[in-house]
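The values are calculated or read from the model by the stated rules, or taken from the named source; none is laboratory data. Computed from a predicted model, the values in this text were never measured in an experiment. Neighbour counts are summed over all protein chains in view; Cβ atoms, including those assigned to glycine, are modelled from backbone coordinates with ideal geometry.
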Amino acid sequence: MGRPDLTEERTVEILDAFARCVARQGLAATSMQEIADEAGMKRPILRHYVGNRADLVTALAEHVARQCCEALDALVASLPASNALETALKHLFPSTPAGSPGEILVIESLIAAAAEDETVRAPMTAYVDHAMAAFDRLLASECPRAPRASRQAAAYGILSVWFNYSSLTPLRPPPAHRRHALRAARALVDSLT
């Protein structure tokens, strides 16, 4: 009987360690040795399971994008049949910010890296497209007579307000910011009715 294949488990451990490093010090400043130390592994193990630094960055982008898509899909699946959009907005703009500042910093670091790296741009763009489609479907169910182009513009606006609100949470903004963000998202929905 052979040894169990630990590739998936080790890869996730490595990518989670990489994300923690990026959250602390940024993408560019994180070395392979720091990732190995954070993961509790030797550096050659990183190469064995994920590859070189460029491979690690690409894998991190894919990992983070997949996690974000899964979280959004879980949110949409959990929405009630009636008032789904308002429930979603309250979830996106909670009175107590969801997610850690570290998670936000990882996403922001990957988006910044995407400007120069197509292998990072592709999964991060796919995540944004996935989120846009999810918001469009929610808007279509609540505002079925709204023109598709208007729905997509509203979906893009809601996504933009959400990303901006999330990106500012490390500043610990006052509660008024949340109210303004939620009001802006609702105004986009109201523009369709």
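Set side by side, the residues Ala29, Ala17 differ, and just one is in a loop (DSSP other than H, G, I, E, B) and free of Cβ contacts under 8 Å to residues at least 40 places away in the same chain, which is Ala29.
Cβ-Cβ distances below 8 Å connect the following pairs, each with a first residue in the stretch 164-193 that is exposed (fewer than 13 other Cβ atoms within 10 Å of the Cβ), a second residue that is part of a helix (DSSP H, G or I), and a separation of six or more residues or different chains: Asn164/Ala181. Just one of the listed residues (Ala98, Ala112) is aliphatic (A, V, I, L, M), closer than 20 Å to Ala23 by Cβ and at pLDDT below 90, and it is Ala98. When the stretch 140-152 is filtered for residues that are touching a residue at least 24 places away in the same chain (Cβ under 8 Å) and either under 19 Å from Leu72 (Cα atoms) or part of a helix (DSSP H, G or I) (or both), the ones remaining, listed by number, are Ser141, Glu142, Ser150, Arg151. Taking the stretch 67-78 as the range and being touching a residue at least 24 places away in the same chain (Cβ under 8 Å) and either surrounded by fewer than 14 Cβ atoms within 10 Å (Cβ to Cβ) or among the aliphatic types (A, V, I, L, M) (or both) as the test, the residues that pass are Leu72, Asp73, Val76. Figure legend. Inter-residue proximity from the stretch 33-53: first residues surrounded by 17 or more Cβ atoms within 10 Å (Cβ to Cβ), second residues among the aromatic types (Phe, Trp, Tyr), beta-carbon distance below 7 Å, spacing 6+ or different chains. Indicated pairs: Ile35/Phe18.
The conditions of being touching a Phe, Trp or Tyr at 6+ places or on another chain (Cβ under 7 Å), of a type in the set (A, V, I, L, M) and either part of a loop (DSSP other than H, G, I, E, B) or more than 26 Å from Ala184 (Cβ to Cβ) (or both) are met by Leu60.
Going residue by residue through the stretch 111-124, is there one that turns out to be in contact with a His (Cβ under 9 Å, 6 or more places away or on another chain) and surrounded by 13 or more Cβ atoms within 10 Å (Cβ to Cβ)?
Yes: the stretch 111-124 contains one or more residues that are in contact with a His (Cβ under 9 Å, 6 or more places away or on another chain) and surrounded by 13 or more Cβ atoms within 10 Å (Cβ to Cβ).
Pick from the stretch 71-93 the residues that are touching a helix residue (DSSP H, G or I) at 6+ places or on another chain (Cβ under 7 Å) and part of a loop (DSSP other than H, G, I, E, B): which of them is modelled with the lowest pLDDT? This residue is Phe93.
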